[in-house]
Amino acid sequence: MVFSSALIENAVNEFAKLPGIGKKTALRLVLHLLKQEPTQVAQFGDVIARMREQIQFCQVCHNVSDATICSICSNHSRQKQLVCVVESIRDVMAIENTQQFNGLYHVLGGIISPIDGIGPEQLNIPSLVERVQRHGVEEVIMAVSPTIEGDTTIYYLSKRLKEFPVKITTIARGIAFGGELEYADEMTLARSISNRLPLESYISK
């Protein structure tokens, strides 16, 4: 791709670093910005910069937040005795979109994957154990993508939590094995949450 302007080329290269954005799409985005008023482009850049600089991670569940405690954890109408364990922030958004879950979340920040060099020590597991131990959690829902790595993570977590008097369940297999939770349609995901199973039933399958 030949550019007549180094400034445009640099902008295209930066947009192309985003996931799912190729050079042609990046060029369309850059040319679109060129058509906008300078104030609009400045506002766009300012919003992105402020998001990156000011975003925080909830001290309780590790979800993204505008404050030290996220809006979900600080919501007194949520069922605080019910914690849904997910792999990523995107999974929180996917489940919230179903409007079928009124508990709290715990974002692991990934799943155990030795081939990728990700072990339990890289995940937000100690804080989950502490929540179960000290904060009156009665049920932990393992809403992790049904993959080999996801199952490994669920098994590890169940071992870490077995000494506590907490019910451990997992989402029903409405989600196909090998699928990613964030890509499941809302109806399937909602049913998987509602029809969750005891972990023993899940492991025995």
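Being touching a Ser or Thr at 6+ places or on another chain (Cβ under 9 Å) and either acidic (Asp, Glu) or surrounded by fewer than 11 Cβ atoms within 10 Å (Cβ to Cβ) (or both) narrows it down to one residue among Glu87, Glu53, Glu96; which is it? Answer to the check: Glu87. Exactly one residue out of Glu182, Glu186, Glu138, Glu163 is farther than 17 Å from His62 by Cβ, acidic (Asp, Glu) and at pLDDT below 90: that is Glu186. For segment 1-27, the set of residues classified as outside any helix (DSSP H, G or I) and of a type outside the set (Gly, Ala, Ser) consists of Met1, Val2, Phe3, Lys17, Leu18, Pro19, Ile21, listed by residue number. Would you confirm whether any residue within segment 113-121 is in contact (Cβ under 8 Å) with a residue 24 or more places away in the chain, surrounded by 15 or more Cβ atoms within 10 Å (Cβ to Cβ) and touching a strand residue (DSSP E or B) at 6+ places or on another chain (Cβ under 7 Å)? No, there is no match, as no residue in segment 113-121 is in contact (Cβ under 8 Å) with a residue 24 or more places away in the chain, surrounded by 15 or more Cβ atoms within 10 Å (Cβ to Cβ) and touching a strand residue (DSSP E or B) at 6+ places or on another chain (Cβ under 7 Å).
Applying the set (1) at pLDDT 95 or above; (2) surrounded by fewer than 12 Cβ atoms within 10 Å (Cβ to Cβ) to Phe15 leaves exactly one unmet item: (2).
Inside segment 88-113, residues that are assigned to a strand (DSSP E or B) and of a type in the set (S, T, N, Q) make up a count of 1. Would you pick out the residues in segment 132-158 that are touching a Phe, Trp or Tyr at 6+ places or on another chain (Cβ under 8 Å) and surrounded by fewer than 19 Cβ atoms within 10 Å (Cβ to Cβ)? The answer is Gln133, Thr147. Sub-7 Å Cβ pairs linking a first residue in segment 129-143 that is over 12 Å from Arg160 (Cα atoms) to a second residue that is at pLDDT below 90 and assigned to a loop (DSSP other than H, G, I, E, B), at least 6 apart or interchain, are Ile141/Ile171; Ile141/Arg196; Ala143/Ile171, ordered by first then second residue. Here is a check on your reading of the model: is Ser74 of a type in the set (Ser, Thr, Tyr) and closer than 30 Å to Leu128 by Cβ? When the stated conditions are applied, Ser74 passes them.
When each of Val30, Val41, Val85 is tested for being on the phi < 0 side of the Ramachandran plot, modelled with pLDDT of 95 or more and not in a helix (DSSP H, G or I), the lone residue that passes is Val85. Beta carbons closer than 7 Å, at least 6 apart along the sequence or on distinct chains, pair a first residue in segment 149-165 that is under 14 Å from Leu128 (Cα atoms) with a second that is assigned to a helix (DSSP H, G or I) and of a type in the set (Val, Ile, Thr) for Arg160/Val129; Leu161/Val129; Leu161/Val132; Phe164/Val132. Scanning segment 1-23 for residues that are under 29 Å from the mean Cα position of the chain (by Cα) and of a type outside the set (A, V, I, L, M, F, W, C) returns Asn13, Glu14, Lys17, Pro19, Gly20, Gly22, Lys23.
As for segment 111-123, it holds at least one residue that is closer than 19 Å to Thr169 by Cβ, in the same structural domain as Phe164 (by TED's automatic domain parsing) and touching a helix residue (DSSP H, G or I) at 6+ places or on another chain (Cβ under 8 Å). Within segment 60-70, is there a residue that is among the aliphatic types (A, V, I, L, M), more than 17 Å from Ser127 (Cβ to Cβ) and not in a helix (DSSP H, G or I)? Scanning segment 60-70, I find at least one residue that is among the aliphatic types (A, V, I, L, M), more than 17 Å from Ser127 (Cβ to Cβ) and not in a helix (DSSP H, G or I), so the answer is yes.
The values are calculated or read from the model by the stated rules, or taken from the named source; none is laboratory data. These figures come from a predicted structure and were not determined experimentally. All Cβ positions, glycine included, derive from the backbone under ideal geometry; neighbour counts span all protein chains shown.
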